[in-house]
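See structure below.
The values are calculated or read from the model by the stated rules, or taken from the named source; none is laboratory data. These figures come from a predicted structure and were not determined experimentally. Here Cβ is always computed from backbone atoms with ideal geometry, including for glycine, and neighbour counts include all displayed protein chains. We work out accessible area using only protein heavy atoms, side chains counted, and drop any ligands, DNA or RNA first. Shrake-Rupley method; radii C 1.70, N 1.55, O 1.52, S 1.80 Å.
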Amino acid sequence: MAKSTYLTDSFTADSILCYDPADISSNGYKVRNPLKFPAPLMVFQLSVISFTTLLIGVGLKPLGQPTLVAQVLGGILFGPSLLGHSEAVRETVFPTRSVMALETAATFGVFFNLFAIGVECDSKRMFRPGKKAIIIGISVLFSSLVSNMALATLMQRFITMEPHLAKSLPIVAISQCIVGFPNVCSLLKEMQMLNTDQGRIATTSAMFCDVIGFTMGAVGFIKLQVEKENSITQKMGSTLSPFILIIFTIYFVRPAVKKTLKQRPEGKPIGENYFVCILIIVLAYIFASETIGQHFLFGALLLGMAIPEGPPLGAALINKLHYPIGKILYPIFLTTSGLKTDVFTIHFKTLWVISILVLFSVLIKIGVMIIITRYTGLTIHDSVIVGLMLNSKGICDIVFFNLWRISEALSDEHFAVVIIISVILVMVIITPLLKFLLGAIEQQTPTKRRTLQHSKPDSELRILVCVHHLQSVPTMVNLLEASNATEQSPIGVIGLILIELMGRAAPLLITHNHSQGDIPEDASISLQIINALRQYELAYENCVTLQPFTTITHFDLMHEDICRLALDQNVTFMILPFHKHWEIDGSIGTSSRAIQNINSKVIKKAPCSFGILVDRGILKGSMAILNNQRVYHVAVIYIGGPDDAESLAYGARLARHPNVSITLIRFLMFGYDNARERKLDNRLIEAVRYENSMNENFIYEERVTRDGVGLSASLRTLEDRFDLIVVGRHHEESPLLVGLGEWSECPELGVVGDFLASPDVGIIASVLVVQQQRVRGKLLNKATKPVVVNNQDGAPYPEMNNNNGISTPATSVSNDHPRWEITIDRAT
């Protein structure tokens, strides 16, 4: 029987292993033990690794710890530090003969993961960062490098230590200077901090640091390779070959990929052949980089950055690689790093010497960020947060630690210390600190009142319009046009296009100027939406301003961008898209659960009043009213409460437009009277009626019902009378609403809004569901203020009520105001 011998590195010593290459798998446990054969053993190991790290991750999740910590701890658990210290466990689960196969699988996981990181990187942002990113990147990287090397030199001189430890200190010092973009991005993504201002600064700065680190690493490998060569020709080849590969990638591979993508039919998904070809090229690049003396990560990252990020190719590659690489093979690498960690080899002096160096490096990065605050414009609080983010540890550190361990620059003892102290302990400390510091910022959210009801009559109305699909633009523009922009009360429109982040690592918030710069391919739809909004701006150029933005981010974090932009732009009212879209036959065409989740999160954090627009414009056939003389019919439903007061305030503004017909419908409950609430509601409505006393397009109706059945029957009568129905989201508990909320499908719309948006009701008008500003779930001030202030002398409004405080169709009112149509519906 043929035998094959391999020399492999075990956890303790080098061993020669012999096995029969024909014995790959067993014939069942009844014949032979499956764990004695490579294939079933590796399957078992993968299962154990995945299950263990999953359990540890679940246990650490309440503590806010990232999965990196769980994966490394999983390896330590089965390594010589804990269970692997027992020979029985070690030889059963992770025997020495399985090391080669496991390390090979881990290596595949690493270089494909690095390739995916390269694909997700925005190469333009890496090589053309902003001024702030350059200042932070250079300051943090080189300050920590100089300081760490200085401390390492002092410790070598004044502390008595073993020669090997003294030799390893500069390596440890250099490792602590690493500011890896993959480290920072992975941590912030997991902690949902990518979209914070501090997270954007940290990721951009880390990208720039990666450019410097990538260059220095390549030069270092060239230097090592040159030292090994003897002849001038070989040295020249080792020096020039990496640059030749880079030039070949930039001027041949990337243009060829782009040209191939352009020849693909637009809208057609990426075929399997594309994916297979890319994987073959990845393997070829890794082989080429190893051949020219560079580490395999050089080829993987280089090719990854040559692939256009985002849709269609970048996003498709990331989706394909996510589970097999990101969830199986890459965690093997982290776990095998933990398997090599043996705490029993650590001496106390080694522990405290390296710990001091690691702690010093962490403090230096934070200290540098504080020192350069005058150049970055950050507060000290924000500088500390960014400094902590730049201390993130991850794949970059662990790859270098393994590389130095193989080259014997780090011993097993030093490797164990840096894994435990530099990776695990640092991550365990900085993650709760980041949560605490960012949580403190959220608690300091400004409580300035930003509502329509309390805005000054002649002040600028700033509206944030969120657009996800091009189809919703006509109805959005109709609503903006109906909002009656004038020179006395102009409108500032902040347009925000919502695009899901796919195939990118870091989110983008793009500010569009009149001269459009480089727009990512996945944001090309933004230009069409912006052009439509520009038409509205041009039609009202003296009283409308437009500032368009595009956010490309994960749907889970998109609400952060919406709320932050509303706060930064001093927005009074924002309009969000509903997650359902109607087809022309009245059926629901598409439904996005992600958009629904965004709306639900915005409701909790909105810094101003907002409305959710249920767009049914396609059913009415009225695609736009710009420069059109047709009348836009709007109904404002009033039941009572702050949200209805806000919708009434918006309706009062719409009523000033000459082409907008407003019908104010007030619902009252038969036999129910709350004098205080009725007085407040009457005051609001009287103000609107008084302002529109001479407005022939204003109609006021009162409908008295007995219960929820009567209310729903009355709402159904609206049918196709209106283009838009405006209603408050939340109402005080009332018998009028009993039964309406039992079958609610969309709680973000409230009881009445959900009823009006239901396709079963038969209403074809668009619906705007309004909520007045809350701060941490509470109203700023429950006191009710008139939604219009036209009675400037402070005198009471003309008498429009009877002694009971309920409006009636009195002849005096009708005669004085013949254009008012007041009806009372007493249907049950």
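Quick one: with all protein chains in place, what share of the accessible area of region 320-465 is carbon or sulfur, to the nearest percent (1.4 Å probe)? Reported share for carbon and sulfur atoms: 67 percent.
Around the amide H of residue 636, modelled in the peptide plane, lie the amide H atoms of 663, 664, 665, 726, all under 5 Å away and 5 or more residues distant in sequence or on another chain. Sorting 342, 412, 723 by solvent-accessible area of protein heavy atoms yields 412, 342, 723, largest first, with a 1.4 Å probe. Cross-linked pairs 189/268; 132/605; 189/258; 131/327; 61/268; 320/580: Cα-Cα separations exceed 32 Å for 131/327; 61/268.
Counting only protein heavy atoms and a probe of 1.4 Å, the accessible surface of region 89-188 is 67% carbon and sulfur.
Accessible area ranking (1.4 Å probe, heavy atoms, ligands and nucleic acids excluded), largest first, for 251, 690, 540, 323: 251, 323, 690, 540.
Close Lys pairs in region 328-439, defined as Cα atoms under 19 Å apart and 8 or more places apart or on different chains, number 4. Sorting the segments 663-670, 268-275 by their mean number of nearby beta carbons within 10 angstrom, highest to lowest, gives 663-670, 268-275.
The Cα atoms of region 676-745 give a gyration tensor whose axes a ≥ b ≥ c have a/c of 1.5 or more with a/b no greater than b/c, which makes the shape oblate. Scanning residues 5 or more positions from residue 660 or on other chains, those with amide H under 5 Å from its amide H are 632, with H placed 1.01 Å from N in the peptide plane. Gain on full extension, evaluated as 0.36 nm per residue between residue 379 and residue 224 minus their Cα-Cα distance, stands at 51.5 nm. For residue 668, the residues whose modelled amide H falls within less than 5 Å of its own, excluding neighbours fewer than 5 places apart on the same chain, are 703, 704, 705. For region 173-266, a/c is not less than 1.5, where a ≥ b ≥ c are the root eigenvalues of the C-alpha gyration tensor, and a/b does not top b/c. That puts it in the oblate class. In terms of packing, defined here as the mean over residues of other Cβ atoms within 10 angstrom, the peptides 595-602, 328-335, 144-151, 545-552 line up highest first as 328-335, 545-552, 595-602, 144-151.
Rounded to the nearest 10 square angstrom, residue 259 shows an accessible area of 130 square angstrom against a 1.4 Å probe.
Which lysines have a Cα less than 19 Å from the Cα of residue 223, not counting those fewer than 8 places away in the same chain? Within reach: 235. Our coupling estimate for region 405-412, obtained by passing each phi through the Karplus curve with A = 6.51, B = -1.76, C = 1.60 and θ = phi - 60°, is 5, 5, 7, 6, 6, 10, 7, 4 Hz, Gly and Pro reported as x.
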